[in-house]
Every structure is written in C-alpha cells, then in structure tokens.
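A short worksheet on the structure shown next.
The values are calculated or read from the model by the stated rules, or taken from the named source; none is laboratory data. Everything numeric in this text was worked out from a predicted model, so none of it was measured. Cβ sites come from the backbone with ideal geometry, for glycine too, and all protein chains shown count toward neighbours. Surface areas here come from the heavy atoms of the whole protein model, side chains and all, with no ligands, DNA or RNA. Shrake-Rupley method; radii C 1.70, N 1.55, O 1.52, S 1.80 Å.
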Amino acid sequence: MALHIGSIAPDFEQDSTEGKIKFHQFLGDKWGVLFSHPADFTPVCTTELGRVAKLKGEFDKRNVKVIALSVDPVESHKGWVSDIEETQGTKVNFPILADADRKVAKLYDMIHPEANDTLTVRSVFVIDPKKKIRLIITYPASAGRNFDEILRVIDSLQLTDSHSVATPVDWKDGQDVVIVPSLKDPAIMKEKFPKGWKELKPYLRMTPQPNK
Ligand code: BEZ
C-alpha cells in the first residue's frame, strides 16, 4: 500500500548499528526522521551521515529522533561508520538500519525500480508523535539532501500544531507567519495572536511568529 502524508508510519523490527530496533518503540513519544541511502561506502551518503551527526543537537532541541537506513548488513555499516568518522570529523550518533533483506525499504517504497531495481533512493519521512507521516521527500541517488531544509519543515510542522499558523514561501524561524484560513473568529484570533495581524486579503493574514 502506498504511503502518503497522513498515513500511519508502518512499524517494523530490523537490525541496526545500535542493535535490534522496534521502530515505534524506538520513536516513543518523539518525532522521527527516517532517511534512506543507496548503499554503504558511497560518497554522497558519507557526507550526509556526517552532516546529520553534526546536526544531532538541532534534532534533539526539536524532540526528534533520527534513524538512517542502508541496504547492507551491520558488519558493513560498522566499517563505513569508521570511514564517516575519519572523513567527516564526527561520530555517528544515531542508528543506521541494516536493511540487507530490504524489508523496511519495501515497506516504505524506498526502491524505485526504474531508477535502480536493488538500491534505495534517498527518501525522507518525517513522523509525528502520533506516528503519522507528516512529510515525504524523495531525492535521486546523485543529489545529497539539504538537512537544514528538513529542520526548517519540522519547525513549520511543529508551529502549525501548536499555534494554528502556516508558514509562507522560504519562511525561516523568527519570520512572520500566515494565520490558517479556517480561523475566522476575531475573538479567537485576538486571543491567539495578541501581537496583532495584517490582513492583506481576507485569505492572507500575516502575524509575527507567535512563539517568539
Ligand atoms: C552516492 O551515494 O554517493 C551516490 C550514489 C549513486 C550515484 C552517485 C552517488
């Protein structure tokens, strides 16, 4: 069954560099980022895993657990992790799923046979504390992802959940946001947005970011 935004993230059990992972149990009540790699010992993936390790503090601040996947066995991952540490100057501080049997890759539709019939593409799933998929991004194997963008979208999703706002084009944390169109009652709006708002059109109302 195809996974969409709003689907419940399928649960699974799989080996990893940190032992057996039961996915839902691993996530607990936190947000999650599950991201796949074409294979071990590949150059772009090596840089991506180093970058995610360096951003671990940023994911922690947002209550997010990160977990990578590559379709090779644990022993291979362990050798690769040493290379990542050596070349990227950081320890890999999150688990890498050893999906040699492609169980998780198939469950999450990470193999796109017309790109490559055995390797995974670069998929990213952001999962909320209710285990709902909130973001799906797919990149080709040749393009490394931008993990600052993934943090930016997590900020946006968390702000939407807590404050009834959406975020406009190219929004960055701290900038003005959009009041969701479904919110129309001025009394509730005054309560939610005490700093006020600008109504450019009845459907386009900008307000300072409420949690700043
Ligand atoms: C990589 O992961 O580095 C990679 C994979 C496929 C094509 C090019 C690069």
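Yes/no matrix, rows are residues, columns are (1) of a type in the set (Lys, Arg); (2) within 16 Å of the ligand (Cβ to nearest atom):
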residue: 15; (1), (2): no, no
residue: 18; (1), (2): no, no
residue: 31; (1), (2): no, no
residue: 34; (1), (2): no, no
residue: 50; (1), (2): no, yes
residue: 56; (1), (2): yes, no
residue: 78; (1), (2): yes, no
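Among (1) farther than 22 Å from residue 138 by Cα; (2) assigned to a helix (DSSP H, G or I); (3) open to solvent by 30 Å² or more (accessible area, probe 1.4 Å), where does residue 84 come up short?
(3)
Run down 49, 34, 97 and say which single residue is touching a His at 6+ places or on another chain (Cβ under 9 Å) and either touching a residue at least 60 places away in the same chain (Cβ under 8 Å) or in a loop (DSSP other than H, G, I, E, B) (or both).
On the way: 49 fails: either touching a residue at least 60 places away in the same chain (Cβ under 8 Å) or in a loop (DSSP other than H, G, I, E, B) (or both); 34 fails: touching a His at 6+ places or on another chain (Cβ under 9 Å).
Residue meeting the stated conditions: 97.
Which residues, counting only those in segment 113-155, are away from the ligand (no atom under 13 Å from the Cβ), open to solvent by 40 Å² or more (accessible area, probe 1.4 Å) and not in a strand (DSSP E or B)?
Scanning segment 113-155 gives 113, 114, 117, 129, 130, 146, 148, 149, 152.
Given (1) under 14 Å from residue 148 (Cβ atoms); (2) open to solvent by 60 Å² or more (accessible area, probe 1.4 Å); (3) within 12 Å of the ligand (Cβ to nearest atom), where does residue 43 come up short, assuming only one miss?
That leaves (1) as the condition not met.
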